[in-house]
Amino acid sequence: MSDDSNKIPRHIAIIMDGNGRWASKRLLPRAVGHERGTKTVQRVIDLCIEHKVEWLTLYAFSTENWGRSEKEVKALMSLLKKYLRDRLSEMMEKNARMHAIGELHMLPEECRDIINETIEATKHNSAINVVLALSYGSRQEIAHAARQLAMQVAAGELKPEDIDETMLSQQLYTAGMPDPDLLIRTSGEMRLSNYLLWQISYAEMHVTPTLWPDFGREDFVAAINDYASRKRRFGKR
Ligand code: FPP
């Protein structure tokens, strides 16, 4: 493997923050900010395909987001449905495969149905894997994995001393997916917000003040360049 092949992250995870602020600055309803945010989603998928990024994981709705107003939650759910419905043919054209992680059973049935249909329809696509984190919380995910392993122990199928990192990883929603190499957060906050805490152990972080609806090619290239300039040592010298 040449040095250059390490410079493009194989997996980018993004905390898409700042839709609300983008809208407030323009005296628009928050939902308009989210709507503009979906346009950025498409732009970033295209940029990832162009740069041969294989995996893109987007924090579209956190477990904590259920605490927002009913109106905003409804707006986000209908945007999600609309996005998946309107963009399926484009995803097929672009050879993009869709996945979803999180407590999907918490989502309204109509959303779940369309998510499952999209996952099924795109399952043979291979240009990029787009993972939507929906009703996702990292602590909840790890607790769920621990429960799964505990049940196997209780059933006598597993010895506690045999539990290792690989086994726990295999019980996460992200089982079978590579860990993110680069984590991008927009709108300047220096927080992880319960996102992929296990999986980003060795990821490089890039925080930009740009609000998510404004995140464009220049911001994307800046993030990739920032990543390429880092020396990843994975705790070694
Ligand atoms: C954070 O902005 C963003 C969200 C809570 C949701 C992200 C959702 C989208 C980009 C649209 C739906 C996604 C898909 C894939 C169709 P915020 O509301 O927290 O912004 P603020 O911090 O400025 O208030």
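The values are calculated or read from the model by the stated rules, or taken from the named source; none is laboratory data. All figures in this text were calculated on a predicted structure; none of them were measured in a lab. Because the Cβ atoms are built from the backbone with ideal geometry, glycine has one as well, and the counts that use them run over all protein chains shown. When the accessible area is computed, the model is the full protein with side chains, heavy atoms only, and any ligands, DNA or RNA have been set aside. Shrake-Rupley method; radii C 1.70, N 1.55, O 1.52, S 1.80 Å.
So, in the range 93-126, exactly how many residues are outside any helix (DSSP H, G or I), open to solvent by 50 Å² or more (accessible area, probe 1.4 Å), more than 19 Å from Pro178 (Cα to Cα) and not charged (D, E, K, R)? It would help to see each step written out before you state the result.
First, the residues of the range 93-126 that are outside any helix (DSSP H, G or I): 94-103, 107-108, 122-126.
Restricting the remaining residues to those that are open to solvent by 50 Å² or more (accessible area, probe 1.4 Å) gives 94-95, 97, 108, 123-124, 126.
With more than 19 Å from Pro178 (Cα to Cα) added as a condition, the list becomes 94-95, 108.
Still in the running and not charged (D, E, K, R): 95, 108.
So the answer is 2.
Taking every residue in the range 200-217 that is within 21 Å of Arg230 (Cα to Cα) and touching a residue at least 24 places away in the same chain (Cβ under 8 Å) and pairing it with any residue that is assigned to a strand (DSSP E or B) and basic (Lys, Arg), at least 6 positions away or on another chain, the pairs with Cβ-Cβ distances below 8 Å are His206/Arg185; Thr208/Arg185.
If you check Arg232, Arg147, Arg185, Arg217 for being of a type in the set (Lys, Arg) and under 13 Å from Ala13 (Cβ atoms), only one passes: Arg185. Restricting the first member to the range 170-185 and to residues that are among the basic types (Lys, Arg), and the second to residues that are open to solvent by 10 Å² or more (accessible area, probe 1.4 Å) and part of a loop (DSSP other than H, G, I, E, B), the beta-carbon pairs closer than 7 Å and six or more apart or on different chains are Arg185/Asp17. Take the conditions under 13 Å from the mean Cα position of the chain (by Cα), open to solvent by less than 60 Å² (accessible area, probe 1.4 Å) and either more than 10 Å from the ligand (Cβ to nearest atom) or of a type in the set (Gly, Ala, Ser) (or both) and apply them to Leu56. Does it pass? When the stated conditions are applied, Leu56 passes them.
Every condition in (1) within 30 Å of Arg232 (Cβ to Cβ); (2) within 13 Å of the ligand (Cβ to nearest atom); (3) open to solvent by less than 70 Å² (accessible area, probe 1.4 Å) is met by His34 except one, and the failing one is (1). For the range 13-66, the tally of residues that are over 22 Å from Ala223 (Cα atoms) and polar (S, T, N, Q) stands at 4.
Yes/no matrix, rows are residues, columns are (1) in contact with a helix residue (DSSP H, G or I) (Cβ under 6 Å, 6 or more places away or on another chain); (2) in a loop (DSSP other than H, G, I, E, B); (3) of a type in the set (A, V, I, L, M):
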| position | (1), (2), (3) |
| --- | --- |
| Trp22 | yes, no, no |
| His34 | yes, no, no |
| Ile45 | no, no, yes |
| Ile49 | no, no, yes |
| Tyr59 | no, no, no |
| Lys71 | no, no, no |
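Counting just the residues of the range 59-92 that are aliphatic (A, V, I, L, M) and within 9 Å of the ligand (Cβ to nearest atom), which one comes out least open to solvent (accessible area, probe 1.4 Å)? I'd like the intermediate steps shown before the answer.
First, the residues of the range 59-92 that are aliphatic (A, V, I, L, M): 60, 73, 75-77, 79-80, 84, 88, 91-92.
This time we only want the ones that are within 9 Å of the ligand (Cβ to nearest atom), so: 60, 76, 79-80, 84.
Details: Ala60: 34, Leu76: 31, Leu79: 29, Leu80: 22, Leu84: 4 Å².
Looking at residues that are aliphatic (A, V, I, L, M) and within 9 Å of the ligand (Cβ to nearest atom), I get Leu84.
Only one residue in Arg147, Arg185 is more than 30 Å from Leu88 (Cα to Cα) and basic (Lys, Arg). Which one?
Numbers: Arg185 fails: more than 30 Å from Leu88 (Cα to Cα).
None of the other options fit; the residue is Arg147.
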